[in-house]
Amino acid sequence: MYRNFMKQNYYYFFLFLIAADILIISISEVLSSIIVLDQVLNFTQIFKNLIVVSIFMFPFLSYFGVYSPFRRANYIQICKKIILAHISFFIVFSTIVYLINQNTFIFKVTWISVFVTTSFFMFIFSRLLLLTALRFLRKRSFNTRSILIIGTGEMAEKIHVRFLEFLWTGYRVIGFINHEQSNEFEQKSFNGVPIYNKPKDLSKWIEEHSVEEIWFALPLSLDGEIKDLLWELRHKPIPKRYVPDMFALNVITSSIGQIEDIPILDLEDSRIIGKSIIIKDILDKSLAFFILILISPLMIGIAIAIKVTSKGPIIFKQKRYGIYGNVFNVYKFRSMKMHTEKNIIQQAQKNDPRLTIIGGFLRRTSLDELPQFINVLQGKMSIVGPRPHAVSHNEYYKDLVTLYMQRHLIKPGITGLAQVNGSRGETDTVEKMQKRVDFDMDYIKNWSVFLDIKIIFLTIFKGFFNKNAY
């Protein structure tokens, strides 16, 4: 009875949440008035301000999903929602105040700023505290949901394993259904959860076992059977979810979008889309500009050393594949003697006779890569991303290495996840190149500004020097 108390009284829980938020807004008002006005508001003033602020605040909280169910939410998602709601409130409310009375705008916007800041931190604290409490309870089997998985393949097992790893979701698998009626499944259970052959009356079976959600984990080829099962369960008004078997496809991404009424499952795309492209571009070019100013004396010194110690140009240009496979010239400090390449460009090797006197040092310390900050300012490269390979290497490896060309869904980078994890230097085997590409795919799947910053810091502390860079 007590284990499902919150689920059975969700309406009252929601009302409690609204009441708590009203209290947060009221406290924020009082604190803002004390800080800005140096006075304590009386009850009537608090009530009037509360009504005005709530009219604008709650629609934004609702619109950005602050009141969405907590079961599948994580800490970062909740913080993002609260940040967006408060920023939107500040912009709109400040604009209205300005339009009403410009003379007192500075004074009032100061109060609004303090209010928004106070409210923001109180909302963050209250929501994270609530989420932590809910996760604590769900781990101990309170407020759980009983899940039936239809399917017995790899994806079905993966779902169950994930639920065991993330007990805080409250999802508990009570059984698997072998959808093949004519073929009795040999395995009787998985991790202690029973596997049942499909009953004749599945709808009645679900009712008898108190199933609260049905998850389909069947191959994409069985769409007809899924349709039949949905028809059979049409009278069961419980959530039904489909988890496509992405293992068979070996895809990069698996996000779901929609264009008008057409649902779309992204198979190969980058997370760096929309506003993320602008954010990454601004970060790249700002840092590149600052770094070029900072290292300009060093670059001048390297240029002089190259010119003094060997014949030929200071900057070496080479064709590389960029975003979407577009070819561009990558810049490097020349580290080799002038020579003619064959059709396939030979990678630098240990004790390579083509290296100049200072070439080996430049390559081991990655100083030969410094001119690529100019490529970043040109918009051809990013500071962080998959390293660009020679065109001939791309043509050689694209049929040998899984997802090789998908590295070009984003701009190439000066450094990357592969490089800070030791995957640098000569790739004389397909296995070495596959390992590097696997790191690149992980980066594309999991990109964030914080990941870029982390890779930049790791590059500074351990990415410049590498024994495998010749």
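Quick notes
- Filtered residues of the stretch 110-123 (kept if surrounded by fewer than 16 Cβ atoms within 10 Å (Cβ to Cβ) and either at pLDDT below 90 or not hydrophobic (A, V, I, L, M, F, W, C) (or both)): THR110, SER113
- The set of residues in the stretch 191-209 being touching a Leu at 6+ places or on another chain (Cβ under 9 Å) and over 20 Å from LEU230 (Cβ atoms) consists of ASN191 alone.
- Taken over the stretch 400-430, the residue count meeting the criterion of being assigned to a loop (DSSP other than H, G, I, E, B) and touching a residue at least 40 places away in the same chain (Cβ under 8 Å) is 11.
- Answer residue from the stretch 68-109, given it is over 26 Å from VAL36 (Cβ atoms) and of a type in the set (D, E, K, R) and is surrounded by the fewest Cβ atoms within 10 Å (Cβ to Cβ) among those: ARG72
- Applying the criterion of being in a helix (DSSP H, G or I) and crowded, with 17+ Cβ neighbours inside 10 Å to the residues of the stretch 300-323, the residue that is modelled with the lowest pLDDT is ILE323.
- Residue list for the stretch 363-385, filter: assigned to a helix (DSSP H, G or I), among the hydrophobic types (A, V, I, L, M, F, W, C) and under 11 Å from PHE333 (Cβ atoms): LEU367
- Matching residues, the stretch 162-171, being free of Cβ contacts under 8 Å to residues at least 24 places away in the same chain and in contact with a helix residue (DSSP H, G or I) (Cβ under 8 Å, 6 or more places away or on another chain): PHE163
For (1) of a type in the set (A, V, I, L, M); (2) surrounded by fewer than 19 Cβ atoms within 10 Å (Cβ to Cβ); (3) over 21 Å from ASN394 (Cα atoms), each residue gets a yes or a no:
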site	(1), (2), (3)
ALA418	yes, no, no
ASN421	no, yes, yes
LYS435	no, yes, no
ASP442	no, yes, no
LYS454	no, yes, yes
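- Pair list, Cβ < 6 Å and 6+ apart or interchain, from the stretch 138-161 residues that are in a helix (DSSP H, G or I) to residues that are among the charged types (D, E, K, R) and at pLDDT below 90: MET155/ASP245
- Top-ranked residue in the stretch 36-67 [being without any contact (Cβ under 8 Å) to a residue 40 or more places away in the chain and not in a helix (DSSP H, G or I); ranked as surrounded by the most Cβ atoms within 10 Å (Cβ to Cβ)]: PHE64
- Inclusion of ILE214 among residues that are assigned to a strand (DSSP E or B) and modelled with pLDDT of 85 or more is warranted.
- Residue match in the stretch 42-49 (condition: at pLDDT 85 or above and either of a type in the set (A, V, I, L, M) or touching a Lys or Arg at 6+ places or on another chain (Cβ under 9 Å) (or both)): no
- Some residue of the stretch 268-276 being assigned to a helix (DSSP H, G or I) and either farther than 24 Å from ALA390 by Cα or of a type in the set (Ser, Thr, Tyr) (or both): yes
- Selection of the stretch 124-163 for residues being among the acidic types (Asp, Glu) and modelled with pLDDT under 85 yields only GLU154.
The values are calculated or read from the model by the stated rules, or taken from the named source; none is laboratory data. This is a predicted model, so every value here is computed, not measured. All Cβ positions, even for glycine, are placed from backbone atoms using ideal geometry, and neighbour counts span all protein chains on display.
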